[in-house]
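K.L.:
A single structure is presented below for examination.
The values are calculated or read from the model by the stated rules, or taken from the named source; none is laboratory data. From a predicted model like this one, the values you see are computed outputs, not experimental measurements. Note: ideal-geometry Cβ built from the backbone for every residue, glycine included; neighbour counts use all protein chains shown. Note: areas computed on protein heavy atoms with side chains; ligands, DNA, RNA excluded. Shrake-Rupley method; radii C 1.70, N 1.55, O 1.52, S 1.80 Å.
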Amino acid sequence: MGGHSDKQHPWWERGVVYQIYPRSFQDSSGDGVGDLAGIESRLDYIASLGVDAIWLSPIFPSPMADFGYDVADYRGIEPLFGTLEDFDRLLAAAHERGLKLLLDFVPNHSSDRHPWFVESRSSRDNPKRDWYIWRDPAPDGGPPNNWISDFGGSAWEWDEATGQYYLHAFLPQQPDLNWRNPQLKAAMLDVLRFWLDRGVDGFRIDVLWHIVKAEGLPDNPLNPEWHPGMNERDRVLQANSTDQPEAHAIAAEMRAIADSYGAMSERERVLIGEIFLPFDRLARWYGTPERPEVHLPFNFSLIENPWDARTIAGLIADYEASLPEWGWPNWVLGSHDAARIAARVGEAQARVAMMMLLTLRGTPTLYQGDELGIGQVEIPADKVQDPREKRQPGIGLGRDPSRTPMAWDSSPNAGFSRAEPWLPLHGDWPGRNVAMEEQDAGSMLNLTRALLRLRRQEPALAVGDYAPVAGDGTLLAYERRAGDSRLLVALNLGDAAVALPELAHGAERLLSTLPGEANELRGNEGLIVRLA
Ligand code: NOJ
């Protein structure tokens, strides 16, 4: 059984994070792209959900080659999104409503338009040359090693003017920063202070496990399981390009900065690390009590594994077992990079998935639009925006379907914008929007709100211990316990009815994903009952 429900829990352990993709939340300026004033105008909606913190995907000046994950100025606001004054207003307005605000810190790479890179590429002896990773060609004139960009193709780009290659783990427009350079490191750590001084409540840190590469940049080992049709990135295993011990030391420095702004208090600033690693290696990113690293290394296992009761029961057990005693768990079900959960498991099952996300032990991250149950979205070929899709078309890597605008009401463009949105809306938006779902007691939106309310009312759900009950066939069931309170969560991951676990019989029903009730767990039903 996992957990220590008797201790005091800081806000980021009790709370729920809501991810906003700013381009697609609310446009106020009429250019078809969301902005900060738009987000501010929707804060009451966010507060009404019952979440505790907002994480904003990048809002900094950017040429948008990777839609903001290519940062050209770490201390400014992209004009498409507004100004620093707009940001300060948004932050104050969020705080007034009791909402924390997290920014997206992108430390692995900048934009190629960042003044640092412009200088770095200007000559081999420029003082900022070493702020990025430059190497001579291999003896055959080709790239210095076999590393592959996450978006396909070599991770090295040739620079004719200075006769060297530079490294880019993502697009050529996203050159990797050299965290082994002390000046670069100091400049980047100062960026954290800049925003913390402005009052932000923490950061989600982009591809944190990438930030340091193995000394000497040796080739990555080949992946024996790679076959055509897979992401080209996976031709090699990223053993030498990611997860280096030196990166842990840097994460600890980031944490020390965050902690210097008020550790262990209601003002505690939180660091969430975007890290894709197996559990044993993921758990190391908590650091140690003496040298903590990130508060929450993102746990993407629900996204990465088949939707199957036995598999999920197994991964919950493995995850819980991997956590250090001081490590708080977390769960993610959707993001701007992953397929929509309702597209993956279907609309009916997405309700069960929402119950799972909001009742497992640990901090959940809820992705905008999942509370409406947005499912599959077809993006016509001429509307494709995502560079990952453009570089390796047709193998299912496109992220546009998860990035389509929020639908607020039945007015033109779903109330998202006066202009045509930068990406199309989901096809069923006239019925699947906030205004329509608010009026429907059985909607995904109202289910999400009910789950968040129950989570807030029941310490067993928010911070309680976890104990597995069943993980067989299509039934996944577990208990959450705090003090004398015991709740059972029973989830049917299939569409045929199954028997309820014995201990649920006669128990008080608190919430079901389906209307009405039955003596069994109906197909696609999730049920929470009180045992004691
Ligand atoms: C992870 C981000 O979530 C993704 O959207 C981006 O493309 C890469 N990191 C590169 O920054």
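K.L.:
Given the Cα-Cα distance of MET230 and GLN8 and 0.36 nm per residue of separation, how much length would full extension add, in nm?
P.N.:
Working: separation 222, 0.36 × 222 = 79.92 nm, distance 4.53 nm.
Full extension from MET230 to GLN8 adds 75.4 nm.
K.L.:
While we're looking at this one, here's another question. Just flag the GluC sites (Glu not before Pro) in the range 212-260 sitting in loop per DSSP whose Cβ has no more than 13 other Cβ atoms within 10 Å.
P.N.:
Working: sites: GLU215, GLU225, GLU232, GLU246, GLU253; in loops: GLU215, GLU225.
Listed in order of number, the matching sites are GLU215, GLU225.
K.L.:
Continuing with the same structure: Tell me the net charge near ALA313. Cut-off is 14 Å between Cβ atoms, ALA313 excluded, with +1 for each Lys or Arg and -1 for each Asp or Glu. Show your work: numbers first, answer last.
P.N.:
Values: positive: ARG310, ARG361; negative: ASP308, ASP318, GLU320, ASP472, GLU479.
That works out to -3.
K.L.:
Taking the Cα centre of each part, how many Å lie between the range 498-530 and the range 354-388?
P.N.:
Taking the Cα centre of the range 354-388 as reference, the centre of the range 498-530 is 26 Å away.
K.L.:
Shifting gears a bit: Spin-label point model (7 Å from Cα, Cβ direction): what's the ALA92 to ARG281 distance in nm?
P.N.:
For the pair ALA92/ARG281, the computed spacing is 4.6 nm.
K.L.:
I've got another one for you. Which whole number of Å³ per residue matches the convex hull of the alpha-carbon atoms in the range 99-237? Present the calculation step by step, with values, prior to reporting the outcome.
P.N.:
Values: hull volume 18.9 nm³, N = 139.
Output value, Cα hull per residue: 136 Å³.
K.L.:
Largest first, please: the extent of the C-alpha atoms of the range 115-167 along each principal axis, to the nearest Å.
P.N.:
The Cα atoms of the range 115-167 stretch 28, 25, 15 Å along their principal axes.
K.L.:
Hey, how many Å between the Cα centroid of the range 64-96 and the Cα centroid of the range 296-350?
P.N.:
Distance between centres, Cα-based: 30 Å.
K.L.:
Please compute the net charge surrounding SER111, taking Lys and Arg as +1 and Asp and Glu as -1 over other residues with Cβ under 9 Å from its Cβ. Each step should come with its number before you reach the end.
P.N.:
Working: positive: ARG113; negative: ASP66, ASP70, ASP73, ASP112.
Value of the local net charge: -3.
K.L.:
Extent of the range 399-532 along each principal axis, from alpha carbon coordinates, in Å, largest to smallest?
P.N.:
In descending order, the Cα extents are 54, 32, 30 Å.
K.L.:
Using only the Cα atoms, what convex hull volume per residue in Å³ does the chain have?
P.N.:
Details: hull volume 77.7 nm³, N = 532.
Spread over its residues, the Cα hull of the chain gives 146 Å³ apiece.
K.L.:
DSSP beta bridges in the chain, what fraction antiparallel, as a percent rounded to 5?
P.N.:
Numbers: 38 of 61 bridges.
Just about 60 percent of them are antiparallel.
K.L.:
Where nothing but the Cβ of Lys and Arg (+1) and of Asp and Glu (-1) is charged, how large is the charge dipole of the range 115-167 around its Cα centre, in debye to the nearest 20?
P.N.:
Values: 5 positive and 9 negative charges, 27 e Å.
Dipole size: approximately 140 debye.
K.L.:
Within a Cβ distance under 12 Å of PHE87, other residues only, what is the Lys/Arg minus Asp/Glu net charge? Write down the numbers at each step before the final one.
P.N.:
Values: positive: ARG75, ARG89, ARG198; negative: ASP35, GLU40, GLU78, GLU85, ASP86, ASP88.
Net charge around PHE87: -3.
K.L.:
Here is a further query. Work out the charge dipole of the range 313-450 with +1 on the Cβ of Lys and Arg and -1 on the Cβ of Asp and Glu about the Cα centre, then indicate which of PRO324, HIS426, PRO393 is farthest towards its positive end.
P.N.:
My answer, from the dipole projection, is PRO393.
K.L.:
Mind putting a number on the dipole of the chain about its Cα centre? Charges go on the C-beta only, +1 for Lys and Arg and -1 for Asp and Glu, and I need it in Debye to the nearest 20.
P.N.:
Numbers: 51 positive and 78 negative charges, 123 e Å.
About 600 debye.
K.L.:
Can I ask one more? To the nearest 10 degrees, how steeply does helix 182-198 sit against the main Cα axis of the chain, on a 0 to 90 scale?
P.N.:
On a 0 to 90 degree scale, this one is about 40.
K.L.:
Treating only the Cβ of Lys, Arg, Asp and Glu as charged (+1, +1, -1, -1), what charge dipole size does the range 391-444 show about its Cα centre? Round to the nearest 20 debye.
P.N.:
Working: 5 positive and 7 negative charges, 79 e Å.
For the range 391-444, the charge dipole is close to 380 debye.
K.L.:
Still on this structure: Rolling a 1.4 angstrom probe over the protein heavy atoms, how many square angstrom per residue are accessible across the chain?
P.N.:
37
K.L.:
Run the accessible area of the chain with a 1.4 Å probe and give the carbon-and-sulfur part as a rounded percent.
P.N.:
Details: 10080 of 19730 Å².
Percent of accessible area from carbon and sulfur atoms in the chain: 51.
K.L.:
Moving to a separate point now. Kindly provide the pair-distance distribution of the range 465-530 built from C-alpha pairs, with 10 Å bins from 0 and whole-percent values in order of increasing distance.
P.N.:
Spelled out bin by bin, the range 465-530 gives 23, 59, 18, 1 percent.
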